[in-house]
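Below is one structure, written out as structure tokens, with a few remarks after it.
The numbers here are math on the coordinates, done by the rules we state, and not lab data. Note that the structure is predicted; figures quoted are calculated from it, not measured. Virtual Cβ from ideal backbone geometry, glycine too; neighbours counted across all protein chains shown.
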Amino acid sequence: MSNSDDVEIHAEENHSDWRSECGKEMRELVENKFSSSHDDKKQSTGSMMLMKPQFSSMFYKLYKAIRDREKDEDGFVSLLKSTCTVNKVDLATIFNNVTPTGDSLLHVAAEFGREEVVELIASHYPNLLSKGNKKGDTPLHVASRAKNVEAIKVILLVTSKKAELIDKAEFVMLRNNYQRTALHEAVLSKHSDGVVLLLDAHRRSDLAAYWTWNKNYGCKSPMYLAVTIKNMVILGHLLEKIAIPSDDQAISSGDSPLQAAILERNTELLKYIVRQGPEELMYQKDERHNTPFHYVAYAGFLGVVHIMSKCSSPLFAFQQNLDGNLPIHLACEKGHVQVVKKLLEIRWSDAGFCLNNEGRNILHVAAIKGHANVIKYLLKNPMIHRDTVNERDLYGDTPLHLASKKLHLWTLLLLSQDRNINANLVNSEGLTARDVVRIQCKTPMTRQEFLADVILRRAGVLLKANMLGVPWEVSANEDWKVKDAAETLILVAILIATVTFAAGFTVPGGFYSSDDPITKQRGLALLTHQTLFKVFMAFNTIAMYSSTIGSTILLWVPLGDLRFAERAYGLAKIFVYVALITMPVAFLAAIRLVISNNTLLADVISVIGFISIFFILFVRILGRFPLGCRLPIFRQLGDFFIWIILILFYGSNDIFVEDDGEIDRESQDDEANQINLVRKYYSLLSRFVAFHLPCFGLPLSAVRT
């Protein structure tokens, strides 16, 4: 026999010896009554006091003895015996005492890994096993949280021996005040050995199951927690033990491990669950009948969609939730172009077949959410039938109608320019898309309402509401108040008047002095003979008088007549715009005049000035250009200006992407989004100019240059 075998046999004999000796002493302590026999009143009073959950001095000594690993089980039993003898109390009275947190001595022993002490106490007082502290934790909860695998083994072993008193399966399922079992605590502590022990101790699979916890106990399942702590080892143990019931029983209530991984946005765990878990996991539905495919499509995890499409039946991508939405509907709703592209490859029939409970196809969903990137991809996809773009939902609305309701400008522009569009279709109320825009317009129209109406008008969409007798109830635009706008404009006008008035008496170059030899020149400007000086004085004077006239007109606004006030505001705005344009010209002329001796600096200042003045004029033209004009040259310019306005002011709300649609905004940070946005707009503008310049007789080589 080897030396190692001798050591093991010797250890087993020693272990058996301490269990036999200590067990015998514990039985004697249990049977003995240490209370005084001749003082019944004192005995009764003392016992009642000690039965209360208080942290007495004798209990504190025992508490310290358990925490002190240098004291073995023999020393603990001896201390118990001396405590009972000196204080004349029963052993049951001692074990009924608790710490201020409600922990019994069994809790303490389980926490600090004193498995021998756990066995001694639990074997003789098994009722302490199911006793909870102030948090509802049993000793098994405490041992699991502390990762004391030996203590867990001892507790489960004693439970098996006391089967007539404690049902092990029910004992393992005991929950604390947070509705967590010992398995929950082992998972949260990342204690894989404890997880295995607790799973083996349970006779049924519902401890590992996920669909029972939210529904029956109002808490997350151990499997859900394993996903949140990102522990694949523990998750693997749980997946091995799980048994999937039938569809009508396994309503996951949002507790599926796949759903948890999606919410945690952890693609690695998602792939692991799909590959290692039972296939039935991918078919489980939540209370809204959303499958994991719905969740993945909604979150935009392309890699997981690819894996799930391979691991499950293709028809699974056509499972509907309670709203009738397929996974591709949710991908369109969130604007995930790559996911939409992948799901379209799982082809059953034309995508127009994919209708939800409201009769809406994927173009409807993308249009109402304003995802122009999805719209553009779908319109160019050969899998989309040409009639899909004109399909009506249950309310008779086409995708163009839905985009009009939400005023999604980019989406309106794309749909209205599609060659398959029938732009004059009416909905159930007899309204065209342009009618939908007009009905919700306010007085005065917002810029977004105006642009939506212009885009549809240029696409040839007619107004039919008045012809059908449908009344238009135009509401006031409460966000725009003429009085507030006039107050802002008059401040600008007065500021311009003040600056230009002061500039008229501090002219560039200065004045002749009062003691100048030539009497006629005294007090006159020095540079009156210079052309730039004349330009300065002319434009400065125009700016000063224009702003003054504008300010005077704005004084009519508070007179009480709303229509008159709006007319006055519009007229005053013209004069203020003239002042805003002429003032920079006067400033440029003055600066150029005083630095004319430095040619390089003068040229740089001139370039900056001309660019700024051009920008001011361009912005003014954008605001006043007749976008609805149908004359050929104005029509081409109108298209160009519409694109520029959308790019500058509406790009963040209705984003446009490259032709391939391969940009997933959810996976990029803000800085990358801004860079991509600039690149997209530059590319878009270049293509637009390249397409339209030949209409003006200019060669394409000019664009390429």
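Working from the alpha-carbon coordinates of the range 325-448, get Rg over Rh, Rh being the Kirkwood radius.
0.97
Ranking Lys162, Lys285 by Cβ neighbours within 10 Å, fewest first, what do you get?
Lys162, Lys285
Just report the Cα centroid separation between the range 144-158 and the range 541-599, whole Å.
Using only Cα atoms to place each centre, the spacing works out to 85 Å.
Among 265-274, 358-367, 594-603, what's the highest-first ranking by average C-beta atoms within 10 angstrom per residue?
Numbers: 265-274: 19.1, 358-367: 25.3, 594-603: 11.7.
So the peptides 265-274, 358-367, 594-603, ranked by packing, come out 358-367, 265-274, 594-603.
Among Ser428, Ser189, which comes first, then next, by fewest other beta-carbon atoms within 10 Å?
Ser428, Ser189
Just rank Met223, Met58, fewest to most, by other beta-carbon atoms within 10 angstrom. Write down the numbers at each step before the final one.
Working: Met223 28, Met58 17.
With the fewest neighbours first, Met223, Met58 line up as Met58, Met223.
Would you mind checking Lys285/Lys341; Lys134/Lys190; Lys190/Lys334; Lys168/Lys220; Lys168/Lys190 for any pair whose Cα atoms are more than 32 angstrom apart?
Pairs exceeding the cut-off: Lys190/Lys334.
If you take the C-alpha gyration tensor of the range 99-189, multiply each eigenvalue by 5 and take the square root, what semi-axes do you get, largest first, in whole Å?
The answer is 17, 15, 13 Å, longest axis first.
Give the relative contact order (percent, whole number) for the range 270-391; include only Cα pairs under 8 Å separated by 6+ residues.
Relative contact order for the range 270-391 comes out at 21 percent.
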